[in-house]
1. Of the residues that sit in segment A:57-112 and are over 29 Å from residue A:20 (Cβ atoms), touching a residue at least 24 places away in the same chain (Cβ under 8 Å) and more than 7 Å from chain B (Cβ to nearest Cβ), which one is farthest from the chain's Cα centre (by Cα)?
2. Out of B:12, B:2, report the one residue that is in contact with a helix residue (DSSP H, G or I) (Cβ under 8 Å, 6 or more places away or on another chain) and surrounded by fewer than 16 Cβ atoms within 10 Å (Cβ to Cβ).
3. Can you list the helices (runs of 4 or more DSSP H) found entirely within segment B:69-187 that contain at least 3 residues being more than 14 Å from chain A (Cβ to nearest Cβ), free of Cβ contacts under 8 Å to residues at least 40 places away in the same chain and farther than 25 Å from residue B:40 by Cβ?
4. Any idea which residue in segment A:113-161 is nearest to the other protein chains (Cβ to nearest Cβ), counting only those that are touching a strand residue (DSSP E or B) at 6+ places or on another chain (Cβ under 7 Å), closer than 17 Å to residue A:192 by Cα and not in a helix (DSSP H, G or I)?
5. Scanning for something assigned to a strand (DSSP E or B), buried (at least 18 other Cβ atoms within 10 Å of the Cβ) and either touching a residue at least 40 places away in the same chain (Cβ under 8 Å) or in contact with a strand residue (DSSP E or B) (Cβ under 6 Å, 6 or more places away or on another chain) (or both), does segment A:41-53 turn up at least one residue?
6. If I ask for residues that are surrounded by fewer than 17 Cβ atoms within 10 Å (Cβ to Cβ) and either more than 14 Å from residue A:93 (Cα to Cα) or under 21 Å from the mean Cα position of the chain (by Cα) (or both), which ones from segment A:123-144 would you list?
7. Could you go through segment B:102-118 and let me know if any residue there is more than 22 Å from residue B:195 (Cα to Cα) and touching a strand residue (DSSP E or B) at 6+ places or on another chain (Cβ under 8 Å).
8. Residue check: is residue A:38 at pLDDT 90 or above, assigned to a loop (DSSP other than H, G, I, E, B) and either more than 17 Å from residue A:194 (Cβ to Cβ) or touching a strand residue (DSSP E or B) at 6+ places or on another chain (Cβ under 8 Å) (or both)?
């Protein structure tokens with residue numbers, strides 16, 4: 001459905017952020033993108049959704065195709081219309097609007113009648129029942145509710161591909177579980193393909209069918225869910241636990257082992 | 001105490017105040033969605049009034065044809081201005097943009113004087129009667145019309161920003177441009193639309209004032225009067241702009257009353273709003289209705 005072929009992204013015409021990233025997203029699946037801070041995960045998403053432009057970034061090499069159509073360096077609003085919707089990091093809901101107004105904005109690109117949009121709002125509420133009770137401004141919602149609203153807003157656009165940038169950021173462990181559960185059921189019931197960028201590798205790998213691990217602008221490892229879950233290095237550096245020797249107190253305190261992938 | 005004069009002046013103040021409110025609203029619209037302080041707001045009134053005057057007097061069109069054409073013209077004028085002059089300025093420092101709008105203001109004023117001359121030209125008679133009597137006070141028909149139109153515009157604005165798709169999109173753009181883009185909103189279209197609406201509605205106010213006072217470059221003085229109104233209300237609040245406009249209008253006329261009855265210093269009418277502005281800003285630096293950011297702790 002989506003294929004990113006060996007792209008290179010440059011910010012401000014000098015800063016090279018991504019160097020040859022390739023990702024393949026099959027229809028209907030959840031694919032996750034893991035990696036430490038500054039690895040280029042968000043940049044990859046923005047390259048796909050076209051939001052790179054508003055940050056003076058550009059795809060300088062390689063290409064991105066969605067449903068067989070070339071979309072690299074297109075305008076963000078065009079890409080949304082084609083069915084790719086990014087839920088940005090940090091929720092980014094419109095704080096001085098109500099929940100309903102935020103949801104209606106999500107459907108901005110659709111040519112739908114009033115009643116159809118009402119139905120879709122109800123559909124979103126069926127996934128996030130607690131949003132229905134919130135009638136005030138969205139800025140007053142709790143962090144978890146704001147994240148739910150951000151995802152609900154994305155659903156309103158009826159995208160074919162949803163790009164989720166750290167939906168677990170700043171949420172309590174219980175809420176993370178809830179949000180991921182809902183993401184999974186949206187994926188299955190609405191048939192929306194997803195790319196999931198996460199710091200919480202454990203959660204992400206449990207729900208995704210395929211994963212990529214990025215480090216300093218490159219993909220260093222990829223594999224199916226089981227492959228990654230059973231990979232010793234992934235276990236040690238992303239999932240915690242891992243090899244036996246690591247548990248020795250002596251090794252732990254001497255120095256913090258850092259993984260070099262290449 | 002001369003109650004009749006006071007009453008007259010206050011009614012006058014309320015009417016002029018709502019007009020200030022409408023123009024202030026247009027100013028806020030541009031500031032809120034594009035972060036441009038538009039010093040050429042008063043010139044929108046001027047251009048609108050001259051275009052309408054030219055259509056009625058030079059081309060002899062009836063008012064109900066000439067007026068909509070004026071509005072349509074101003075709509076595209078706003079879009080064009082945004083496209084040609086202001087779009088290249090996106091991302092430039094705010095001071096450059098301010099200099100640019102001051103330049104535009106001077107340019108438009110000069111070109112209007114060049115085309116239409118510097119003398120006051122009266123509008124052709126549009127209403128049968130010059131004035132109507134409300135509660136025993138003589139009020140100009142044009143002012144009654146302006147009051148009605150202003151209220152319609154305000155309700156229209158409310159509806160537009162609360163319920164229409166384009167209005168919501170413009171609010172989203174004002175809040176966060178990147179988020180707006182991620183929702184599929186074209187930020188450039190939203191910018192153009194806010195200039196277009198602002199120019200169009202300002203022109204409407206310009207025509208109304210022109211009908212009463214005649215058309216001359218004095219109209220652009222409205223643009224300066226709008227500043228105390230806008231700052232009083234809080235730079236980014238549309239409700240504040242209306243309230244600020246009303247307060248300034250009333251204050252002006254009340255100052256006029258005090259001046260003519262007691263102080264006899266002359267011209268307090270013009271200065272009073274700015275004194276009040278200074279005082280209010282000392283107490284409430286964000287204006288009466290300025291945005292209080294929602295912050296979760």
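The values are calculated or read from the model by the stated rules, or taken from the named source; none is laboratory data. This one's a predicted model, so the numbers in the text were calculated from it and none came from an experiment. Methodologically, a virtual Cβ is constructed for each residue, glycine included, from the backbone with ideal geometry; neighbour enumeration extends over all protein chains shown.
1. If we take residues in segment A:57-112 being over 29 Å from residue A:20 (Cβ atoms), touching a residue at least 24 places away in the same chain (Cβ under 8 Å) and more than 7 Å from chain B (Cβ to nearest Cβ), then A:98 is farthest from the chain's Cα centre (by Cα).
2. Numbers: B:12 fails: surrounded by fewer than 16 Cβ atoms within 10 Å (Cβ to Cβ).
Only one candidate qualifies: B:2.
3. Counting at least 3 such residues, we get B:141-163.
4. Among those residues, the one meeting the criterion is A:157.
5. For segment A:41-53, residues assigned to a strand (DSSP E or B), buried (at least 18 other Cβ atoms within 10 Å of the Cβ) and either touching a residue at least 40 places away in the same chain (Cβ under 8 Å) or in contact with a strand residue (DSSP E or B) (Cβ under 6 Å, 6 or more places away or on another chain) (or both): absent.
6. A:123, A:126, A:129, A:130, A:132, A:133, A:135, A:142, A:143
7. yes
8. no
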